[in-house]
Amino acid sequence: MEKATTTLVTTAPADEAALKPLLVSGAATGGATAAVKKQKWMYWLTGIIILAVTLVLVWYFVPTFRVHVEDVPPTFYYFLIAGFIFAMIDGAIGMSYGITSTTFSLSMGIPPASASTAVHISEILSNGIAGWMHFKMGNVNKKLFKILIIPGIAGAVIGAYLLSSLEHYSMYTKPVVSLYTLILGSIILKRAIQAKRANHTGKKIKRIGLLGFGGGFIDAIGGGGWGSIVLSSLIAGRRHARFSLGTVKATRFFIAMLSSLTFVAALSFIHWDAVLGLVIGSAIASPIAAKVSNKISAKTIMVAVALIVIAASIKSIYAFVFKLL
């Protein structure tokens, strides 16, 4: 008994001695990670300062550049800021870029078809990158992809062509789209409130092709909703969440591209200031959104987005009804 006690006492320091290098190594690794992060922030800050100084110098010493900048419509800068904010929101909660961009575009007086064009063109690059990353990570269900892609593209093209044909009647299509954004805003608010009440008791969804067609059609008409409609329906229909997300993101690239091509071919006039503003703004936000998303409450953002979308949609509908009366 005495011998066993002695053994226990003498082995404890030995264990500490063995663990000490690991603890030191862990601390050193943590310190190295912090140093790398600090170094990255220094690089970013230095790059931003250099870019700002360069722009100031070019502004003062290159008159032609100043003339071109002054000729840019103010709406470009509004959409640049809006695209940045909406892409940040989308990076935080994984949805609502289309619905927020469309609502903002309509509130700025952009007709529904042009608004949907701007949104879909700005989504091509971001969804292409996201879809490729999901494919590389093995998150894309190839069978589900094949079932969704053709009906989704068909619905998107038909919806885009129909909305483009009704561009001259934008006074009447705008309140319809606003009603759609109002419904989506209400859905986002409901999801935020019921975030912790997940329900997986629904029946397994079978008519996926029909879902893809409807999702593509409504997405083109309303400027957004492919993710909200298709992804939520797949998950509610007991489909695997990770594979559903990856597949929906991959197909979204083709939906956005074909919708955009249809709009560009069918429309006689496109608000390129809005398009470029959203494209550049969302592109700037994309690498930042992932870092910021973990530091903001997704539920808070969803509630704020839902309330803004609902308020803007009600305003558009009220304005239309007031004109009729």
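The values are calculated or read from the model by the stated rules, or taken from the named source; none is laboratory data. Please read all numbers here as calculations on a predicted model, not as lab measurements. Cβ coordinates were reconstructed from backbone atoms using ideal geometry, including for glycine residues, and neighbour counts include every protein chain displayed. Surface accessibility is based on the protein's heavy atoms, side chains included, excluding ligands, DNA and RNA. Shrake-Rupley method; radii C 1.70, N 1.55, O 1.52, S 1.80 Å.
The set of residues in the range 102-111 being open to solvent by 40 Å² or more (accessible area, probe 1.4 Å) and touching a helix residue (DSSP H, G or I) at 6+ places or on another chain (Cβ under 8 Å) consists of F104, S107, M108. Restricting attention to the range 250-283, the residues that are assigned to a helix (DSSP H, G or I), among the aliphatic types (A, V, I, L, M) and more than 13 Å from the chain's Cα centre (by Cα) add up to 12. Number of residues in the range 275-302 that are at pLDDT 80 or above and among the β-branched types (V, I, T) equals 4.
Of all residues in the range 307-323, those that are within 12 Å of L106 (Cα to Cα) have Cβ atoms under 8 Å from Cβ atoms of residues that are crowded, with 17+ Cβ neighbours inside 10 Å and of a type in the set (F, W, Y), 6 or more apart or on another chain, in A312/F104. When only residues in the range 112-133 that are open to solvent by 30 Å² or more (accessible area, probe 1.4 Å) and not aliphatic (A, V, I, L, M) count, which is farthest from S260 (Cα to Cα)? Per the criteria, the residue is W132. Residues considered: I81, I99. Of these, the only one that is at pLDDT below 85, surrounded by 10 or more Cβ atoms within 10 Å (Cβ to Cβ), in a helix (DSSP H, G or I) and within 28 Å of the chain's Cα centre (by Cα) is I99. Tell me, please, whether a residue that is modelled with pLDDT of 85 or more, assigned to a helix (DSSP H, G or I) and within 18 Å of W226 (Cα to Cα) can be found in the range 166-176. Scanning the range 166-176 turns up no residue that is modelled with pLDDT of 85 or more, assigned to a helix (DSSP H, G or I) and within 18 Å of W226 (Cα to Cα). Kindly establish whether K203 is open to solvent by 40 Å² or more (accessible area, probe 1.4 Å) and either modelled with pLDDT of 85 or more or farther than 21 Å from S96 by Cα (or both). Spelling it out, K203 is indeed open to solvent by 40 Å² or more (accessible area, probe 1.4 Å) and either modelled with pLDDT of 85 or more or farther than 21 Å from S96 by Cα (or both).
Every residue, every condition in (1) in contact with a helix residue (DSSP H, G or I) (Cβ under 8 Å, 6 or more places away or on another chain); (2) closer than 25 Å to F76 by Cα; (3) charged (D, E, K, R), yes or no:
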position: G214; (1), (2), (3): yes, no, no
position: D219; (1), (2), (3): yes, yes, yes
position: G227; (1), (2), (3): yes, no, no
position: A236; (1), (2), (3): no, no, no
position: A241; (1), (2), (3): yes, no, no
position: R252; (1), (2), (3): yes, no, yes
position: I270; (1), (2), (3): yes, yes, no
position: L278; (1), (2), (3): yes, yes, no
position: I284; (1), (2), (3): yes, yes, no
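Residues in the range 133-161 that are in a helix (DSSP H, G or I) and of a type in the set (G, A, S) were compared, and the one that is farthest from S268 (Cα to Cα) is G152. Scanning the range 109-168 for residues that are closer than 24 Å to L276 by Cβ and in contact with a Lys or Arg (Cβ under 8 Å, 6 or more places away or on another chain) yields P111, P112, E123, N127, A130, G131.
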